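Derivation of every value follows stated rules applied to the coordinates shown; laboratory data play no part. Because the structure is predicted, anything quoted here is derived from the model rather than measured. Note that each Cβ is placed from the backbone with ideal geometry, even for glycine, and that neighbours are counted across all protein chains shown.
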Amino acid sequence: MLGEYRITGRRAAEISADVERAVGAGALVPGQLLPPMRELATDLGVNPNTVAAAYRTLRERGVIETAGRRGSRVRPRPASTSRGSIRVDPPPGVRDVSEGNPDPALLPPLHDALAAAALHNAEQPGLYGQDPVDPEFARLARAGLDADGVPAGPVAVTSGSLDAIERVLAAHLRPGDAVAVEDPGWGSLLDLVPALGLRPVPVRLDDDGPLPGDLESALRSGVRAVVVTDRAQNPTGASVSSARAGELRALLAERPEVLLIEDDHGHHIVDLPLHPLAGVTDSWVLVRSTAKAYGPDLRLAVLTGDALTVDRVTGRQRLGPGWVSRLLQRAVVRLWTSGAVDVSEVARAYGERRDALVQALADRGVEAHGRSGMNVWVPVADETGAVARLLHAGWAVAPGARFRMTAPQGVRLTVSALTEDDIEAVADAVAAAAGPAPARSYG
C-alpha cells in the first residue's frame, strides 16, 4: 500500500508530522492510499484513537482526504505554480491581447489623488489605534452599495479582490471543504482554492451567469461555499441577469448555511446593472475592487457582508497587516469625488470594442462571448494549436487552460489595447486560427 515507506510515531502529533514530511519529500505521492487506522495502530503498537487523531489532523491540514469505506488518501498537492504561468511571451512585433489589463488611457492620473491624501495625512496623521477604514471612504463605499441594492452590512478594506476572497474562505472553511467555482473562471481563484486545502467544484455558466442546474448539483453535493462573479466575468464576460439572479437566489435560499461570495470587480467599468444574490444565506460577502477602473497598483478592494463574517476578516487582518493604508483609501476617496473617471465613458469604451469584436467574429462564423467587461472568450477545438497559429499571425492570446477545469477549450482576448482599426484584423486572425467549432463550447 505504501511501497517502501513505513509510517512512524507513537503520539498523534508524531504520526501526522511523519506523514506530512513524507508527502513533502515525495515518499508518499498524491492519490496514495494510507493504511486503515486499526491496521496502522497495530503496526505502531498504539491505540487506534491515536491514529484517528493523527488522520484528523492531516485532514484538517489538507494533507489527506477520507472517502468513507474507500479509505484515506494523500490529497493532490496545492497549486504551487500559478495558472498565470500558462502563457505565451510575445516576441517583438506581436500584439499582446492576453494579459487582462485595463487600458492605461482610461485610467485616471493618480498624482492629484495621492497629493490630496498626503495633505489630509499632514492635517490628520494616520496613527496606530485608529479605525482601519477611513470614515469618508466607508460612507461613500456604503452609499454606492446601497444604490445597487446590496444588503446592509459593515464595510472593510482589503488588498484587492483575491485577498478579500482568501480571507473570507479562511474565516469560514476548513481544509477538505468543497467550494463551487465558475468553470471557466478566474485563474487566480482556481489556484487559490486548492492552495487553501479546499476542493473546487466546477459550475458551468452561460452569458447570464452560473447555470442553475449546475449550482443545484453543487449544493446537493455538499459544497460549503459558492463564488459568483456578478459582472465582467473572467474570462467569458458573463453578467448575472435579473432572471438568473432570481433562480440562483432561490437555490441558495434552500441552503442558508452555505457561504456566498460575490465578486463585483467590474464595478465602474460596465454599464449593466448589478443584480446581487446576497441576503438569502446566513454568511455572505460582496467584494468590489478598484483595480480595473482606477489602477491595478492601488491594491484596494471594498468588502461588505454579514457582521460576523466581516468581523472575522477584520479581526484576523489586525493580526497580520493590520489595515490597508488609509493614505490609499483617501486617494480613492479623491478619485471617487473628483470626477477623475467618467464611469459611463469607460464602460462605453470597453463595450464598443468588445461588442465590435464579438460581432466581427460572428460575421466570420466564429462563436464568441463577451457580454460585459474587457474580455472576449472564443471556444476552439484545439486551443494549443489556435494559440500557436495566432502567435504566428502576430497576436498573443491567453490559453484557455489558464481558466478551465472541466470546461471545453477556448482562448481569451482582452480588448483594452484594441483600436477600431484592429478589430477586423484580429477577427480575421482568430477566424483562421480557431478551426472547426467544438461540439460543446460554453455552458
Item to check | Kirkwood Rh, angstrom, the chain [1 / mean 1/r, Cα pairs] | outcome: 23.7 Å
Checklist outcome for this item: Simple spin-label estimate for ASP297/SER338, 7 Å along Cα→Cβ, in nm, reads 1.6 nm
Checklist entry - Cα gyration tensor of segment 1-136, axes a ≥ b ≥ c as square roots of the eigenvalues: rounded (a/c below 1.5), prolate (a/b > b/c) or oblate? => result oblate
Item to check | Cα-projected label distance for ARG220 with GLU60, points at 7 Å along beta-carbon direction, nm | outcome: 3.3 nm
Checklist outcome for this item: For segment 111-338, the dipole about the Cα centre with charges only on Cβ (Lys and Arg +1, Asp and Glu -1), to the nearest 20 debye, works out at 580 debye
Next on the checklist: Can you find, among TYR55, THR66, LEU34, the residue sitting farthest towards the positive end of the charge dipole of segment 12-74, where Lys and Arg contribute +1 and Asp and Glu -1 at Cβ?
Outcome noted: THR66
Checklist entry - For the chain, what is the calculated [θ] at 222 nm in deg cm²/dmol (nearest 500), taking -39500 (n - 2.57) for each run of four or more DSSP H residues and dividing by its residue count? => result -12500 deg cm²/dmol
